[in-house]
Structure formats: C-alpha cells, structure tokens
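The next block holds one structure in the form of structure tokens; read it before the comments.
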Amino acid sequence: MECAARPRERHQRGNRSRKGVLALVSILAVAALPGLAGAQTNLKIGVINVPRLLEAAPQSKAVNDKLQAEFGERQSAILKMRNTLQAQQDRYQKDNAVMGEEERAALERQIRDGQRDLERTQNEYLEDLNTRRNEEVGKLQRDVLQRVQAYASAQKFDLVLGDAIYVSNAIDITAQVLAELSKGSDAPKSDGGK
C-alpha cells in the first residue's frame with residue numbers, strides 16, 4: 001500500500017514543479033512584453049527583391065561576359081557545323097534526283113554522321129556551359145549575399161528579408177543595394193588596371 005502511494009506523490013510533485021515552471025515562464029514573458037513592444041517600434045527592416053538584384057547587378061553582367069568569352073568559340077563552331085549540315089541537306093534535296101547511287105549514299109552518310117556529331121557536340125557544350133554557369137552563379141550569389149549583409153550592417157538594419165509577397169516602397173532596399181553593388185564593382189576593375 002505504501003508503494004502505491006509513492007508513485008502518486010511523485011506524480012503530484014512533478015505536476016506541481018511543472019506548474020511552477022510554467023507560471024515562472026509566463027510571468028517572465030509578461031514582464032518582457034513591454035520591452036519587446038518598445039523594441040518593435042525601433043526595428044529597422046528592409047526587403048530586397050533577390051531575382052531583380054541578381055539580374056541587375058553589374059557583377060551579373062560580368063559573369064555573362066566571362067561565360068561568353070569562355071564558350072563563344074565553341075558556340076561559333078557549333079553554328080558552323082549546323083550551317084555545313086544544312087548546306088548538305090539542301091544539296092541532297094536539290095540534287096537527289098540527278099545523283100549517282102554511290103554519291104547519294106555517301107552524302108546520306110555524311111548527313112547522318114553530321115547530325116550525330118552536331119547533336120553530341122551540342123550536348124557536350126550545353127552540359128559544360130550549364131556546369132560553368134552554375135558555378136559562376138553560385139559565386140555571384142555568395143558575393144551578393146555578403147555585400148547585402150555588409151550594407152545591412154553598415155546601415156544598421158535589424159532585419160533584411162528577401163522576396164516577400166508584398167513590399168512597401170518604404171522598406172524596399174533593392175535599389176540602394178544595387179547602387180552599393182555598382183560602387184563595389186567599379187573598385188576591383190580600377191585596382192586591376194594598375
């Protein structure tokens with residue numbers, strides 16, 4: 001009988017201690033509310049439009065120029081292959097009726113091989129381009145994020161959000177951050193030219 005009473009006592013003591021902790025937490029929360037309400041009126045909040053920021057940033061243009069320089073030659077080679085293949089197909093369509101059997105078979109083989117080579121070359125090009133673009137966009141995003149954080153810290157923002165459903169012009173700081181990114185993009189170019 002004594003054993004049965006002890007678990008009940010422990011359970012009641014556990015409930016009392018939980019109730020005491022809850023009461024203490026509630027009192028502390030109520031006491032903190034006036035301080036939080038005052039802090040909320042002094043919060044400095046900004047919102048940025050991330051897609052617009054990444055698209056309009058001068059660093060984005062630099063990434064595109066870098067990729068164009070890196071892949072422009074391969075793109076030209078693919079265009080040349082496509083034009084050569086088109087010329088062969090046009091010749092086949094035009095002269096098919098007057099060609100000899102061997103000449104027609106050779107041209108068909110050239111066209112078939114050209115299509116296969118073009119497709120393979122295009123796929124390799126697109127795969128390489130997408131890989132490099134993802135690498136460069138990742139670097140761009142990290143750089144822009146660091147610059148947004150530096151801007152927010154320098155301007156003493158308490159909170160900066162990206163991509164909200166609705167943003168008032170009063171808290172949209174995308175244009176200001178773009179201006180800072182433009183200033184920052186000029187500095188490395190002038191240092192590199194020395």
Quiz prompt | Residue check, D143 under 16 Å from the mean Cα position of the chain (by Cα) and in contact (Cβ under 8 Å) with a residue 12 or more places away in the chain | solution = yes
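Looking at the range 91-106, can you tell me whether even one residue there is open to solvent by less than 70 Å² (accessible area, probe 1.4 Å), of a type in the set (V, I, T) and part of a helix (DSSP H, G or I)? Steps first, please.
The first filter runs over the range 91-106 and keeps only residues open to solvent by less than 70 Å² (accessible area, probe 1.4 Å), leaving 92, 95-96, 99-100, 104-106.
Now restrict to residues that are of a type in the set (V, I, T): none.
Within the range 91-106 (the criterion being open to solvent by less than 70 Å² (accessible area, probe 1.4 Å), of a type in the set (V, I, T) and part of a helix (DSSP H, G or I)), the answer is no, since none of the residues qualifies.
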Exercise. Could you figure out which of (1) farther than 30 Å from D90 by Cβ; (2) under 17 Å from the mean Cα position of the chain (by Cα) isn't true of A150?
Key: (2)
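The values are calculated or read from the model by the stated rules, or taken from the named source; none is laboratory data. The shown structure was predicted, so the numbers you read here are calculated from the model rather than taken from an experiment. When we count neighbours, we look across all protein chains shown, and the Cβ atoms used for this are built from the backbone with ideal geometry, even at glycine. Side chains included, ligands, DNA and RNA excluded: accessible areas come from the protein's heavy atoms. Shrake-Rupley method; radii C 1.70, N 1.55, O 1.52, S 1.80 Å.
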